[in-house]
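Enquirer: Handing you a structure now.
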Amino acid sequence: RPLNDLGKLGYCGTQVRGAGLALVKETPSTARCVFELVTAKSGGSTGFVAEQNEQGAKGSVFVTSALVAEKLANLYVRDEAQASSFKFKAVDVTTAARPNTIEQAAELMAILNREGATGARPWRSYDDGGRPYMVFMTAFDCRGLLC
């Protein structure tokens with residue numbers, strides 16, 4: 001409840017710091033944000049990306065995870081003052097994730113430039129089965145801190 005009270009005042013930006021959560025507000029702002037806890041999807045990293053796309057279609061962006069009643073829940077935020085949506089895409093970056101050579105650094109730059117050319121930006125990284133992935137986020141009809 002307190003998060004939503006602050007969200008209505010335009011506090012939409014979030015930064016997770018240790019066990020705490022810092023909220024940020026743009027000034028001036030017309031944002032009116034709502035926070036929502038959603039039971040985490042099963043399926044590991046693939047399920048997580050699928051959940052991001054489901055929530056992103058509704059204009060919500062992932063903030064953090066927490067155990068609630070012994071179940072994993074994900075906290076999301078969305079700005080009700082705009083009709084934003086978000087799309088997430090996982091890209092295998094095995095050849096470029098931890099560049100140790102000029103060639104690997106060039107491959108990483110090629111991936112970042114290719115995805116950036118479509119309007120996507122790096123959002124998060126994860127390993128799945130020993131393979132590194134980078135998740136890219138594309139924001140649609142969005143302005144402000146969530147974008």
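Enquirer: With a/c under 1.5 counting as rounded, go ahead and sort the range 108-147 into rounded, prolate or oblate using the C-alpha gyration tensor (a ≥ b ≥ c being the square roots of the eigenvalues; past the cut-off, prolate if a/b is larger than b/c, else oblate).
Expert: Judged from the Cα gyration tensor, the range 108-147 comes out oblate (a/c at least 1.5, b/c at or above a/b).
Enquirer: State the Cα centre-to-centre distance between the range 98-122 and the range 123-146 in whole Å.
Expert: Using only Cα atoms, the two centres lie 14 Å from each other.
Enquirer: For Leu146, Leu67, Leu9, Leu21, give me the order by solvent-accessible area with a 1.4 Å probe, most accessible first, ignoring ligands, DNA and RNA.
Expert: Reading off the accessible areas and sorting them downward yields Leu67, Leu9, Leu21, Leu146.
Enquirer: On to the next question. Which sequence of Glu36, Glu51, Glu80, Glu70 reflects their accessible areas, 1.4 Å probe, from the largest down?
Expert: Heavy-atom accessible area, descending, gives Glu70, Glu80, Glu36, Glu51.
Enquirer: How charged is the neighbourhood of Arg121? Take every other residue with its Cβ under 15 Å from the Cβ of Arg121, and add Lys/Arg as +1 and Asp/Glu as -1.
Expert: Here the charged neighbours net out to +4.
Enquirer: Using a Gaussian network model on the chain with a 10 Å cutoff between Cα atoms, which of Ala83, Ala40, Ala19 fluctuates the most?
Expert: Ala19
Enquirer: Any idea what Rg and Dmax come out to for the chain if you just take the C-alpha atoms, in Å?
Expert: Here Rg and the maximum Cα pair distance are 16.5, 50 Å.
Enquirer: Right, another one. For every other residue with a beta carbon closer than 14 angstrom to the beta carbon of Phe140, add +1 if it is Lys or Arg and -1 if Asp or Glu, then tell me the sum.
Expert: Charge balance in the 14 Å sphere: +4.
Enquirer: Run the accessible area of the chain with a 1.4 Å probe and give the carbon-and-sulfur part as a rounded percent.
Expert: Of the solvent-accessible surface of the chain, carbon and sulfur hold 54 percent.
Enquirer: While we're here: Leaving out ligands and nucleic acids, and using a 1.4 Å probe, what accessible area per residue does the range 14-117 come to in Å²?
Expert: For the range 14-117, the solvent-accessible area averages 58 Å² per residue.
Enquirer: Among the lysines, which have Cα under 23 Å from the Cα of Lys8 when same-chain residues fewer than 8 positions away are ignored?
Expert: Correct list for Lys8: Lys25, Lys58.
Enquirer: Next question. Expressed as a fraction of 2.2 N^0.38 Å, the rule-of-thumb size for a compact globular protein of N residues, what is the C-alpha radius of gyration of the range 1-48?
Expert: 1.41
Enquirer: Summing -39500 (n - 2.57) over the DSSP H runs of n ≥ 4 in the chain and dividing by its residue number, what mean residue ellipticity at 222 nm do you reach, to the nearest 500 deg cm²/dmol?
Expert: -8000 deg cm²/dmol
Enquirer: Does the range 52-126 classify as rounded, prolate or oblate by the C-alpha gyration tensor (a ≥ b ≥ c root eigenvalues; a/c under 1.5 gives rounded; else a/b over b/c gives prolate, otherwise oblate)?
Expert: Oblate is the answer for the range 52-126, as a/c is 1.5 or above yet b/c matches or exceeds a/b.
Enquirer: Counting DSSP beta bridges in the chain, what percent are antiparallel, to the nearest 5?
Expert: 100 percent
Enquirer: Could you name the lysines in cross-link range of Lys71, using Cα to Cα under 20 Å and dropping any fewer than eight places away on the same chain?
Expert: Those lysines meeting the cut-off are Lys41.
Enquirer: Separate question: Would you mind checking the tilt of helix 44-57 against the longest principal axis of the Cα atoms of the chain, expressed as 0 to 90 degrees and rounded to 10?
Expert: 50 degrees
Enquirer: Helix 102-117 sits at what angle to the longest principal axis of the chain, using alpha carbons and giving 0 to 90 degrees rounded to 10?
Expert: For 102-117 against the chain, the angle is about 40 degrees.
The values are calculated or read from the model by the stated rules, or taken from the named source; none is laboratory data. These numbers come from a predicted model, not from an experiment. Note: ideal-geometry Cβ built from the backbone for every residue, glycine included; neighbour counts use all protein chains shown. Ligands, DNA and RNA are excluded from the accessible area calculation, which covers all protein heavy atoms including side chains. Shrake-Rupley method; radii C 1.70, N 1.55, O 1.52, S 1.80 Å.
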